[in-house]
Each structure stands twice: as C-alpha cells, then as structure tokens.
Amino acid sequence: MSGSRVALVDAPPSVDEAIASVSHPGAGAVSVFVGVVRDRNEGRPVVLLEYEAYASMAEAEMRRIAEEIAGEIPGVRLAALHRRGRLAAGEVAVVCAASAMHRGEAFRACRALIDRIKERVPIWKREHGPDGAYWVGWEDARCGETEHDSGEAHAHENR
C-alpha cells in the first residue's frame, strides 16, 4: 500500500494532505470524500459532536481496511484521516482519498474506504443537543425495548 496514509488526528483533517498521500504519476484519477458534522441527526438538533477512539486499535483496523481494498482494486492508493475530539456543526470529521489509473476504480475504492471505516472502526460518536448528550448507536440496558425506537433523547442518570 505504498504512498497511502491512515490516521486519527486531533486537528481538522486536511484534504490537501490526503490527496498528496495518494497522488503519483500513474494515477489518472483521485476521488475524495469529506465527511462534515451536520446540525441535525434523526430529526434532533446537534450543537456539538465528540469522537472518541481507542487509537491503536482504530488505526490498525483502518490499515487493514486500506490493505483489503488495495488487494481488491490493484494499483489503488488510499488515505483516511479521521478527527477525534469535540467538533461543531460544519467542521470536517473525516477525509478519505483514493487514487487509481481510472476514475471508476478511484470512486469505488473511496466509497469502500468510508463505508468500511463507518462499519468496522472503533470510533465512538457522542452528540450534544438541547436534550443533552447521547452516544450514537448505543442503547442503555436499563431502557425498555421501545424507548430507543422512538428516536427521542432521554436521561439515564436517575434510573
């Protein structure tokens, strides 16, 4: 996977750095995905988002994903820079880039990279809104089966 880079970063991920990591004279295409913090999720306002990760495990899984994709799409180079820490709406959370000889392979590799990162990498997201903070994708065992189905935020402290 020569020329590729994966990392968790504490500052806004750089699109230029990701592109530079995958660029080379044989690449006829570079595809880039930029994930940005939105101000709403599942109908609820989001004012702040926190990303936490077990860094060594997360980066190792990101490397495995990049190696898998490089094995599936010969000649592709990949970069993934994922932010951790506190982010406001509009801030860049993740940048993925893929280069290949042709655009189809670059698009396919970039899409596979972000999809697999979202599916498999242990990066946890906590959203803050008017109803308080809540972990995305986490269900408290103290809640009834239907409490989380509603999509409504609720407190767990006094249960």
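Key figures for this structure:
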read-out	value
Cβ-based net charge around Val9, under 13 Å, with every Lys or Arg adding one and every Asp or Glu removing one	-1
For Pro74, net neighbour charge (Lys/Arg +1, Asp/Glu -1) across residues whose Cβ lies under 14 Å away	-2
Virtual spin-label span in nm between Val32 and Met57, 7 Å along Cα→Cβ	3.2 nm
Cβ-defined net charge surrounding Glu61, 13 Å radius [Lys, Arg +1; Asp, Glu -1]	+1
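Just so you know, all these numbers are worked out from the coordinates, no wet-lab data involved. If you're wondering where the values come from, they're calculated on a predicted model, not measured in any experiment. Because the Cβ atoms are built from the backbone with ideal geometry, glycine has one as well, and the counts that use them run over all protein chains shown.
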